[in-house]
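Here the structure comes first, spelled out in structure tokens, and everything after it is commentary.
The values are calculated or read from the model by the stated rules, or taken from the named source; none is laboratory data. Predicted, not measured: the structure shown is a model, and the values here were computed from it. Keep in mind that these areas ignore ligands, DNA and RNA; they rest on the heavy atoms of the full protein, side chains included. Shrake-Rupley method; radii C 1.70, N 1.55, O 1.52, S 1.80 Å.
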Amino acid sequence: MDEADLAVLGQQIDKSQVPPIHQKRILAFVNHFIVGTVTFLNKFVIKCESKFIDFESKLQKVEASLAIIESKLASIPGVQDIHAPEPEAKRQNEPKKVLEEKPSEEVEIPAVIDAPEPSETAAPAPEQPQESGVKACEDVRYRKYFKMVHFGVPPPAVKQKMSAEGLEADILDEPNRILPDGVQYREPVESDDE
């Protein structure tokens, strides 16, 4: 670079003496910038729109599959008796209940045969603290989701449905987790009156 080029780059030029850039040239630069930006944004919007359309079609397929699975589950006897879970606020105020379809008049309790009395045992075994609650796979709220996984529904789809219904989706990974606020499902007792 020679000194004339350096003088142009430096502050030694009197800017009042420099002629302005031609207006047509400025207009061409601005137009080129606007056209380039609009073209980029149009391509970006078209890509986003196509991805949204693909996602929507996949979501519709998942919803259709879920509807089919729900109808298959509805055809299984005993699944219709399971009701939707109550909101968290109501559930915290109520004591734990066990659902029964019909109150049983008399339930036969099997007798314990030849059980040793506590005095006959040599040394008492140390008691392990039992957790109060219900296993997640036996809970009324989560039972149908474990059945869905058992029948082959992909776990991510089931977790998404659980989240949509306001339930904790991580419980699906731990079927033996004890839920202190759980409600155990019981099969309806058939009476021999008929």
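Remarks
- Filter pass, Glu70 being among the charged types (D, E, K, R), part of a loop (DSSP other than H, G, I, E, B) and modelled with pLDDT under 95: no
One line per residue, one yes/no per condition, for (1) open to solvent by less than 70 Å² (accessible area, probe 1.4 Å); (2) at pLDDT 55 or above; (3) in a helix (DSSP H, G or I):
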position	(1), (2), (3)
Val98	no, no, no
Glu106	no, no, no
Glu131	no, yes, no
Arg141	yes, yes, yes
Lys147	yes, yes, yes
Gly166	yes, yes, no
Asn176	no, yes, no
Val189	no, yes, no
Glu194	no, no, no
